[in-house]
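The values are calculated or read from the model by the stated rules, or taken from the named source; none is laboratory data. Note that the coordinates shown come from a computational prediction; the quantities given were computed from them, not determined experimentally. Glycine gets a Cβ as well: all are built from the backbone with ideal geometry, and neighbour counts include every protein chain shown. Quick note on the areas: whole protein, heavy atoms, side chains included, nothing else; ligands and nucleic acids left out. Shrake-Rupley method; radii C 1.70, N 1.55, O 1.52, S 1.80 Å.
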Amino acid sequence: MRNVNSDMRYVALMAVIVTLSGCGFATDNNHKNTLAKDESVYEIGSPVPAEGFNELQIITLSVFKKGASGKSRYVEIVDGEYLTPDSVYSMAVTVPKRTVDGEELDQRVFISDGGWSDVDGNRVEAVYDAEKDMYLADFNLSGPDQFLITPLLVQVIGSDGKAAKAKFLVTTQDELAASYGNLVDRGFCMTLSKKFLASLPDLINPIMDEQFGSKIIKVNSISPANNGSGKKTNGIINVNAAGVSFDVILNDSVVNSSGEVTRGLYVGVEDVSSGTMGNGLEILMGIFTDLFFKGLRISDIPMTALGMGLGPMIDSVMTSSEEGLSIPGLNIPELEIAVDLDSTIYLNLKGYPEETTSGFAVMGGSMYVPDNDDVIKNSKGYYLWPEVSVDTYDTMIEDGMDTIMDNATDIGMVLSQYNINQMLQALMKNLNVEVKSINTQVALFSPKVKTDNLDLVVMINPKGIAVDFPTKRVVANDVKLLLIESGEVNGPVSELSLDLTMVFDVVFRMDGDSLFMDLSVEPIEELCHMHVMKDESGMTSLDHGKFVPIIFQYLGGGGSTLTIPVPLSDLGIVPRKGVTPGTVTVDDYGNCFLSMAVSSIDATKLSSGGGCFIETAVK
């Protein structure tokens, strides 16, 4: 028989130890160690009820490092900032106490990466320091091999069992994306093979006939420019049309006699034979006008910024879908979805004549998404480049160009994640997705009042999204799901935050005579988390829930991998027969190389007006 007195002494001893240690609290009068009745809320991975929208506790998270003055101190973490990985950081949380019915509640503070357990999660308790008036803890920050962008979840759990929560994002991979205001020098490149260029006259001439009403201009041939001995060396494509042969120059800027640089697309000609420079420009304008760039009038403006407004394009796609949003390959319920993406993409396009060969024309540049306040148009409605600084970071694209200049390639493309991630962050600033009356289709979400309506607003933290080509991962951390009720109750009732890490793949395949590019994503389950940040409608069971794989399985019709087939043939791409239609490879520098074997472009599949979505002028 066990000795009851011994057991009681053991319990008493433990109580003393717990009291002295503070159970994570300091022992001063202002921070007593009162525990919540349900102590399971303190366990890692346990669902913790969240405070409501009217119980706001402002939480800051700081890290001990050198500040601007050069002295080490606690500096508030800003979403997206870089911290050296595989390091232990001293972190500090500042947060006021929550008051309920006039009484301040005791609280315990935890910092974690949002994981479910000690095996696949990292969590520490921060201890109150009365002198600094902060909760302090040492946190071991893992490397990018785990989280490309690390979510730091702070939970301030009151003695009533409810928690104030906040999420912060830090990156552990340096040079993941270019900074705002910097134009990447080389963010993408494209190669066009001699065989593919030779097929373009059959595409261009019928459009020219329709445009001019008769065969005034006929393109006889198109090929890579010859920049060999005795030739000028700035061209990338040679055009023979209407008895005149010339090389086309593409520059992304021009410098005047005073040394001032004007950025924009400059199209010129050189090595004109059987005609004059004026003949070459006139023919070139006839080919380019309303064919490749809508509204381009080089006779009016020799420099023009290539800009594409995404808002009207998204509106057009959404309004043309009478049955709601439908994505091939995904099982999406019939929902009324509104997508708003009010952004403008600028294309900085130039030729690479020094890399152009007899077999391939090479062009490229970078893409840039400015804040809406920085988008400029002149009095004629033409886009103008906002002020940018050239980012000379070497993306190492040049080292891998042979990958898309081989016999298996007719159209090659390489993308740098340094440029892509900069674009993604800028685009996410303006992306809003709203799902109307989601409670009528998804039983998981219910309003506080049964007869009320519930809308879902989805927002992606711009600093939480990135792609990592070497590991074929894509992350979207701190994706906010805001539930807004209308009726008897009006306003937000719940806020959830999703952390998503997924692996992706791209595969080309033929289905009969049709070419598809299959995009697939699969969640890495232990790195995908769901947290209930604020709640007034009883969503606690979703906190730290393993629902992301279930969502993927639902959308994928049973499997955890989502595959979206992109019908390239519907976009006019005619694949070469008898060869592999396409390949995708990556390098260790963050570049993705796409190679396609294309025999020609089917003009009947292109949109009216030439088939290019870039619009440089308002007509």
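Points to keep in mind about this one:
- Among the trypsin sites (Lys or Arg not before Pro) in region 439-535, those located in a DSSP loop and surrounded by at most 12 other Cβ atoms within 10 Å of their own Cβ are 450.
- Per-pair calculated FRET efficiency, R0 = 45 Å: residue 433 and residue 133 via Cβ, rounded to 0.05: 0.65
- Principal axis extents of the C-alpha atoms in region 427-562 (largest first, rounded to whole Å): 55, 33, 29.
- Portion, in percent, of the accessible area of region 328-466 that falls on carbon or sulfur, probe 1.4 Å: 50
- Looking at region 39-82, the GluC sites (Glu not before Pro) that sit in a DSSP loop and have at most 13 other Cβ atoms within 10 Å of their own Cβ are 43.
- Mean accessible surface per residue for region 352-507, computed with a 1.4 Å probe while every protein chain stays in place, in Å²: 41
- Modelled spin labels at residue 603 and residue 39, positioned 7 Å past Cα toward Cβ, are 8.0 nm from each other.
- A Förster distance of 30 Å, applied to the separation of the beta-carbon atoms of residue 46 and residue 73, puts the FRET efficiency at 0.35.
- Compactness of region 409-484 as Cα Rg over 2.2 N^0.38 Å, two decimals: 1.55
- In terms of the mean number of neighbouring beta-carbon atoms within 10 Å, the peptides 232-241, 186-195 order highest first as 186-195, 232-241.
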